[in-house]
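> After the structure tokens below, expect a handful of questions from me.
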Amino acid sequence: MPIVITDDDARRHLSMKECIEAMRTVFGDFAEGDAVSLPRVRYTVESGTPDVSYYANVHVGAAPSFGMACVRAGSHMIDDSAYEGGRRSMRNPEPFNWSVVILYDIETSEPVAFLHESHVSGVRVGATSAVAIDEIAREDASVLGLFGTGRQARAHCEAICTVRPIRRVQVYSPNPDHLGGFVRSMKLPDVEIAAMPNGRSVVDGADIVCSTTNSTEPVVLGEWLCEGQTVMSIGNSDPTITRREVDAEVFTRASDIVIHDWDSVHANRQIELLDLVESGDVDPERIHLLGDIVAGRAAVKSAPDNIVYYKSNTGLAMQFAAAGAILYRKLKDATNRVVPRDWLASERYGIG
């Protein structure tokens with residue numbers, strides 16, 4: 001029978017290390033044409049409440065190496081008045097995330113699990129970034145500059161510290177309470193967590209610069225960067241909003257740019273990259289796919305004389321399928337949270 005996997009289950013049973021290895025596998029499969037992930041679909045529609053819109057975020061795909069396909073159905077309310085100042089805000093009537101990931105066994109087509117997406121979402125993005133950093137950043141990188149203090153910042157801090165010998169994290173948020181809370185609560189062995197007064201101070205002396213914010217305006221400026229740094233960001237434009245988490249100079253100064261998926265760049269109209277390609281300021285020959293790097297088809301490495309930029313340009317359903325499969329295998333015989341199979345089996349169909 002299908003099981004229900006909660007955020008608490010994911011916290012207990014999905015380690016960052018095993019998620020990193022799962023993301024390495026699935027991106028390698030993606031490069032070989034084995035894993036499948038279609039560009040995500042996002043849309044908003046008026047909800048009937050002033051200044052509030054309904055927002056959907058849907059991913060579909062499969063990770064055959066893990067025997068799993070999935071649909072991630074994101075469902076939220078958006079505070080339209082909160083775009084002021086370059087921010088967006090979820091405004092669900094109750095403080096819950098109703099998004100769910102449905103896992104399907106690709107050998108039987110049956111749904112095998114319904115997965116809370118909050119914790120897994122943070123871990124799979126951080127783990128994928130760790131795969132990229134492990135491939136492209138200098139081996140001796142020891143200082144991480146971090147923008148943001150939310151769920152993604154915490155996941156990325158842990159993930160990057162897993163693949164590089166980070167000794168100091170320089171972190172900044174414009175919200176002093178959030179910044180102080182992050183410094184107090186983010187505990188990693190032998191890692192100093194230092195609150196910084198502004199964005200420029202985050203970048204100064206950092207080997208890796210990581211932006212994990214919900215800003216729609218640049219928080220990382222190319223003029224701040226120096227050779228030898230690896231830069232990464234997770235914010236991207238889509239049909240519902242235009243976002244530029246780094247400025248154009250980051251793109252133009254980078255010797256190489258790494259992304260997940262070209263189809264999503266076009267389908268989601270990620271104009272922060274497309275505009276620069278179309279204007280000729282960024283040569284598409286300098287843009288590489290993470291899967292190709294993992295599979296050995298491309299080689300990108302940060303060096304003392306270059307800047308490399310990793311743009312985590314989209315979420316892909318195969319990430320949820322792979323991470324979800326790990327959890328399902330651990331919990332399928334160890335939980336009593338089940339959905340009766342006949343509740344989900346509709347009438348048999350056939351020809352005639």
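The values are calculated or read from the model by the stated rules, or taken from the named source; none is laboratory data. Worth saying up front: this structure is predicted, and the values here are computed from it rather than measured. Here the Cβ positions follow ideal geometry from the backbone for every residue, glycine too, while neighbour counts run over all protein chains shown. Ligands, DNA and RNA are stripped out before the accessible areas are found, and what is left, the full protein with its side chains, is counted by its heavy atoms. Shrake-Rupley method; radii C 1.70, N 1.55, O 1.52, S 1.80 Å.
> Could you give every pair whose Cβ atoms fall below 6 Å, whose first residue belongs to segment 158-171 and is over 16 Å from residue 182 (Cα atoms), and whose second residue is among the charged types (D, E, K, R), counting only separations of at least 6 or pairs across chains?
As it stands, the answer is 163/134, since those pairs meet every condition given.
> Take segment 192-244 and flag every residue that is of a type in the set (Asp, Glu) and touching a helix residue (DSSP H, G or I) at 6+ places or on another chain (Cβ under 8 Å).
If we filter segment 192-244 for residues that are of a type in the set (Asp, Glu), which is where we start, we get 192, 204, 207, 217, 223, 227, 238.
Of everything in segment 192-244, those that are of a type in the set (Asp, Glu) and touching a helix residue (DSSP H, G or I) at 6+ places or on another chain (Cβ under 8 Å) turn out to be 204, 223.
> Taking interchain pairs and intrachain pairs at least six residues apart, which have beta carbon atoms under 6 angstrom, with the first residue in segment 333-347 and closer than 11 Å to residue 5 by Cα and the second at pLDDT below 95?
So the pair list comes out as 338/1.
> Please enumerate the residues belonging to segment 121-160 that are assigned to a helix (DSSP H, G or I), closer than 15 Å to residue 192 by Cα and of a type in the set (A, V, I, L, M, F, W, C).
Those that are assigned to a helix (DSSP H, G or I), closer than 15 Å to residue 192 by Cα and of a type in the set (A, V, I, L, M, F, W, C): 157, 160.
> Same structure, new question: So which residues in segment 173-221 are open to solvent by less than 80 Å² (accessible area, probe 1.4 Å), free of Cβ contacts under 8 Å to residues at least 60 places away in the same chain and assigned to a loop (DSSP other than H, G, I, E, B)? First the steps, then the outcome.
Taking segment 173-221 and keeping what is open to solvent by less than 80 Å² (accessible area, probe 1.4 Å), we get 173, 175, 179-183, 185-186, 188, 191, 193-196, 198-199, 201-216, 218-221.
Restricting the remaining residues to those that are free of Cβ contacts under 8 Å to residues at least 60 places away in the same chain gives 173, 175, 179-183, 185-186, 188, 191, 193-196, 198-199, 201-204, 218, 221.
173, 175, 186, 188, 191, 196, 198, 204, 218, 221 - these are the residues of segment 173-221 that are open to solvent by less than 80 Å² (accessible area, probe 1.4 Å), free of Cβ contacts under 8 Å to residues at least 60 places away in the same chain and assigned to a loop (DSSP other than H, G, I, E, B).
> So for segment 112-126 (the condition being in contact with a Gly (Cβ under 8 Å, 6 or more places away or on another chain), over 30 Å from residue 66 (Cβ atoms) and surrounded by 15 or more Cβ atoms within 10 Å (Cβ to Cβ)), does at least one residue qualify?
No, the conditions are met nowhere in segment 112-126.
> Show the residue pairs that are 6+ apart or on different chains and have beta-carbon atoms under 7 Å apart, the first residue being within segment 80-97 and closer than 24 Å to residue 219 by Cα, the second being open to solvent by 100 Å² or more (accessible area, probe 1.4 Å) and modelled with pLDDT of 80 or more.
Qualifying pairs under 7 Å: 86/217.
> Here's something else I'd like to know. The conditions are (1) within 28 Å of residue 338 (Cα to Cα); (2) open to solvent by 80 Å² or more (accessible area, probe 1.4 Å); (3) among the hydrophobic types (A, V, I, L, M, F, W, C), and residue 69 fails exactly one of them. Which is it?
Every listed condition holds for residue 69 apart from (2).
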